[in-house]
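The values are calculated or read from the model by the stated rules, or taken from the named source; none is laboratory data. Since the model is a prediction, treat every value here as computed from it, not as a measurement. As a convention, Cβ positions derive from the backbone with ideal geometry for all residues, glycine included, and neighbour counts pool all protein chains shown. For the accessible areas, the whole protein counts, side chains as well, though only heavy atoms, and no ligand, DNA or RNA atoms are used. Shrake-Rupley method; radii C 1.70, N 1.55, O 1.52, S 1.80 Å.
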Amino acid sequence: METLLFLFPQFNYMAPKEEAYFKMFAVEGLQTAAMKDDSNKERKGRLSLFLTKSGSHENVSPHKKTNPTPKNIPAEEALQWSDSFEDLLQHTDGVETFTQFLRTEFSEENIEFWLACEEYKTIDSETKLRSKAKYIYTVFIESEAPKEVNIDCNTKKAIMKNMEQPTRSCFEAAQMKVYSLMKKDSYPRFLHSDIYLRLTRRKGPGTTMFRRRSRSCVFNERGEATAEHSAW
């Protein structure tokens, strides 16, 4: 009541009946405002939780130092990964460590897409094939997808058309382009990264990582890769 008198001093100048009606509407108004405030707080809480759990690039500060701690991998095994990109992908630990490196460059969607395509090609069930194709398209291919990979427009259009009747090869062209991008662009930098050099015991820990843009290579309309040399 004191709150109402403070907010609405005009109560002191009203007739008893008018004052009763006014107080009723005032209380309802305050209750409604409080409910809206609680609802807004709840929505903000859910959004904050979603953003915290999300792996989107926008939620990672470009100034935050990333210092992944790889598993206890023998240096001899890690050295084998430098033989070729193909050898790196043959090792489970190699793929995991390479993925950690791509996260520091905000481009882990490339290896995730490649792995999804590898799994996709092993599916026998037609129903599961359609379901997996829809998943890959929604997550990695369509415009504004949460982990959209960098492929040319013609390749994207061909995939979109194949979504009507997806086959095991419908993502093959896109997978090859992303593979080429990782092999020519990301893999050489990985071999000189702190993550890899620490594993091979050729460089001590504690060195600040050098980050580049994830889109350091783009494809034109003819599917040709062009370099982009800008860096942070």
Notebook entry, point to check: Tell me, what is the Rg over Rh of region 69-179, with Rh the Kirkwood radius over Cα pairs?
Noted result: 1.02
Next item on the list: Using only the alpha-carbon atoms of region 125-171, report the extent along each of the three principal axes, biggest first, to the nearest angstrom.
Entry: 29, 20, 13
Checklist line | Chain lengthening between Tyr135 and Ser169 when straightened (0.36 nm per residue, less Cα-Cα) | finding: 10.7 nm
Margin query: Let me check against my output: what whole-number percent is the relative contact order of region 64-178, with C-alpha pairs under 8 Å and at least 6 apart?
Written below: 20
Next item on the list: For Glu148 paired with Leu191, estimate the spin-label separation in nm (one decimal), with each label point 7 Å from Cα along the Cα-to-Cβ line.
Entry: 3.3
Item checked: Surface share of carbon and sulfur [accessible, 1.4 angstrom probe, percent] for region 94-143 -> 49
